[in-house]
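Heads up: the structure comes next, in structure tokens.
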Amino acid sequence: MGYEQLQEAAAAIATLSGRESHSAAMVLGSGLGDYAAALPDAVAIPYADIPHFPTPKVAGHSGTLYSIDVGGRGALVFSGRVHFYEGWSLFDVVFGVRTAALTGCHTVFLTNAAGGVTKGLAVGDLVAIKDHINFTGQNPLHGPNDERLGTRFPDVSDAYSRGLRSEMIAAYEEAGVSYQEGVYTWFTGPSYETPAEIELVRRLGGDLVGMSTVPEAIALAHMRRRVGAISLVTNLAAGASDQPVTHKEVQEAAELAKSKFTELVDRLLPRLVADPA
Ligand code: HPA
């Protein structure tokens, strides 16, 4: 499994979408997948129709890729992602975003549902990710390096593009959503964190916790693509409230934030497809 499989998948996306190339991609996180279904004139491609593509199994992820036109440029919207906790290798976890990069995407926008760690974060907040802490000891670049993808020791000091974050501020303003930034901490899951782990994250400077996004961001930094990301705070992280964390509340919060998320993403998409400054 390697570069050739990614190329075959990228070629299939071009054929099935009828678009030779795409400029940007967006990955919709837990409970946010519906955004794509309402897009006008989207070409829907089931993941199962794309060679080598891993297909998600978790509830709330449907596994469809949408090809859309944004001001004359192609964009891909991934509804459904696969996670490490399902048993997928990290090669599979990053397969979709690497394929997007090979279809021509210079920018990939990652979204997720996350637990809020920092005091002041509230359920429903849409927080821009400014950096991450990889708490898993796992890395999608583990193993032999393929130079066609990137260098052996890639820099990740601007993994969440500063330039794109300043454009995100403008999109937030237009959407009437208050802008906040935070550090996302990756745990593999599927168990949620303990209160002691959350206290550790807080002391180390993490604002959010979740089970995705970081492997994709690393794989894209390797390919020198521009990444932006936001977390929807779906719950307060363990110990921050006296309630247990449940998958149901995560999905319910995503449902409630849907219109705000749509307002924001509608304003982000044109900025994502435009050539980076
Ligand atoms: N922890 C980890 N992942 C999550 C959480 C959480 O509290 N909420 C949504 N995804």
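The values are calculated or read from the model by the stated rules, or taken from the named source; none is laboratory data. Being a predicted model, the structure only gives us computed values, none of them experimental. Note: ideal-geometry Cβ built from the backbone for every residue, glycine included; neighbour counts use all protein chains shown. Side chains included, ligands, DNA and RNA excluded: accessible areas come from the protein's heavy atoms. Shrake-Rupley method; radii C 1.70, N 1.55, O 1.52, S 1.80 Å.
Quick check on my filter: what residues within region 146-174 are farther than 24 Å from Gly104 by Cβ and touching a residue at least 60 places away in the same chain (Cβ under 8 Å)?
Hits for region 146-174 are Ala170, Tyr172, Glu174.
Can you tell me which residue within region 248-264, out of those that are within 10 Å of the ligand (Cβ to nearest atom) and either more than 20 Å from Gly120 (Cα to Cα) or touching a helix residue (DSSP H, G or I) at 6+ places or on another chain (Cβ under 9 Å) (or both), is least open to solvent (accessible area, probe 1.4 Å)?
Ala254
Filter region 222-242 for residues that are open to solvent by less than 20 Å² (accessible area, probe 1.4 Å) and touching a Pro at 6+ places or on another chain (Cβ under 9 Å); which is nearest to the ligand (Cβ to nearest atom)?
Selected residue: Ala237.
Pick out the one residue from Ser161, Ser157 that is under 19 Å from Ala219 (Cα atoms) and open to solvent by less than 30 Å² (accessible area, probe 1.4 Å).
Just a single option satisfies the conditions, and that option is Ser161.
Run down Val177, Val245, Val201 and say which single residue is within 15 Å of the ligand (Cβ to nearest atom), of a type in the set (A, V, I, L, M), in a loop (DSSP other than H, G, I, E, B) and in contact (Cβ under 8 Å) with a residue 40 or more places away in the chain.
Of Val177, Val245, Val201, the one residue that is within 15 Å of the ligand (Cβ to nearest atom), of a type in the set (A, V, I, L, M), in a loop (DSSP other than H, G, I, E, B) and in contact (Cβ under 8 Å) with a residue 40 or more places away in the chain is Val245.
Among Ala100, Ala114, which is the only one that is within 16 Å of the ligand (Cβ to nearest atom), in contact (Cβ under 8 Å) with a residue 12 or more places away in the chain, open to solvent by less than 70 Å² (accessible area, probe 1.4 Å) and not β-branched (Val, Ile, Thr)?
None of the other options fit; the residue is Ala114.
Return the pair list, or none, for Cβ contacts closer than 6 Å from residues in region 260-274 that are in contact (Cβ under 8 Å) with a residue 60 or more places away in the chain and part of a helix (DSSP H, G or I) to residues that are small (Gly, Ala, Ser) and open to solvent by 70 Å² or more (accessible area, probe 1.4 Å), at least 6 apart or on different chains.
From region 260-274, the pairs are Pro270/Gly71.
Let me spell it out: the conditions are (1) buried (at least 19 other Cβ atoms within 10 Å of the Cβ); (2) free of Cβ contacts under 8 Å to residues at least 40 places away in the same chain, and His132 meets all of them except one. Which number is the exception?
Of (1) buried (at least 19 other Cβ atoms within 10 Å of the Cβ); (2) free of Cβ contacts under 8 Å to residues at least 40 places away in the same chain, only one is false for His132: (2).
Would you confirm, using the coordinates I've provided, whether Pro215 is within 16 Å of the ligand (Cβ to nearest atom), within 19 Å of the chain's Cα centre (by Cα), closer than 23 Å to Gly80 by Cα and assigned to a helix (DSSP H, G or I)? Please lay out each step first, then the result.
Working: within 16 Å of the ligand (Cβ to nearest atom): yes; within 19 Å of the chain's Cα centre (by Cα): yes; closer than 23 Å to Gly80 by Cα: yes; assigned to a helix (DSSP H, G or I): yes.
For Pro215, the condition - within 16 Å of the ligand (Cβ to nearest atom), within 19 Å of the chain's Cα centre (by Cα), closer than 23 Å to Gly80 by Cα and assigned to a helix (DSSP H, G or I) - is met.
Within region 164-182, how many residues are open to solvent by less than 20 Å² (accessible area, probe 1.4 Å) and touching a strand residue (DSSP E or B) at 6+ places or on another chain (Cβ under 7 Å)?
4
From the list Ala44, Ala75, exactly one residue is in a strand (DSSP E or B), modelled with pLDDT under 95, surrounded by 15 or more Cβ atoms within 10 Å (Cβ to Cβ) and in contact with a strand residue (DSSP E or B) (Cβ under 9 Å, 6 or more places away or on another chain). Which is it?
Residue meeting the stated conditions: Ala44.
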